[in-house]
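Laboratory data are not the source of any read-out in this text; all were calculated from the coordinates shown. None of these values were measured; they are calculated from a predicted model. Because the Cβ atoms are built from the backbone with ideal geometry, glycine has one as well, and the counts that use them run over all protein chains shown.
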């Protein structure tokens, strides 16, 4: 018998995680109301807490970070390309 994994949309996850943080209802009550497992709710709540600080990073800083990471990736691709060419050249030389 195969097990079916239920998926939840981001809006529900956020709503439920915020409810859990508010503390107006118990975790068990929230889980029963929304028909979700307790482990999922705790995971979503912890993720909201751990990633909340990224919400307040200004957009221009996020964009700068993304550009910087993209430049690093491009640089690494260039190095990989150079090594690949060098490697194929050396393989041809050794076959002589």
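Straightening the chain between residue 72 and residue 12 buys 18.0 nm, computed as 0.36 nm per residue apart minus the Cα-Cα spacing. Between residue 35 and residue 95, the simple label model (points 7 Å from Cα in the Cβ direction) yields a spacing of 6.3 nm. Computed over the Cα atoms of the chain, pair by distinct pair, the Kirkwood hydrodynamic radius stands at 18.1 angstrom. Remark on the range 57-96: Rg and Dmax equal 17.5, 59 Å (Cα only). Principal-axis analysis of the Cα atoms of the chain puts helix 10-22 at an angle of about 50° to the longest axis. Adding -39500 (n - 2.57) for every DSSP H run of four residues or longer, then dividing by how many residues the chain holds, sets the calculated 222 nm ellipticity at -25000 deg cm²/dmol. Relative to the longest principal axis of the Cα atoms of the chain, helix 59-94 runs at roughly 40 degrees. Computed from Cα atoms, the angle from the helix 38-51 axis to the main principal axis of the chain rounds to 60 degrees. Give the distance, in whole Å, between the Cα centre of the range 12-36 and the Cα centre of the range 42-96. With the range 12-36 and the range 42-96 each reduced to a Cα centre, they are spaced 36 Å. Paramagnetic label reach from residue 86 (point 7 Å along Cα→Cβ; backbone nitrogen cut-off under 16 Å): within the range 36-78, residues 75-78.
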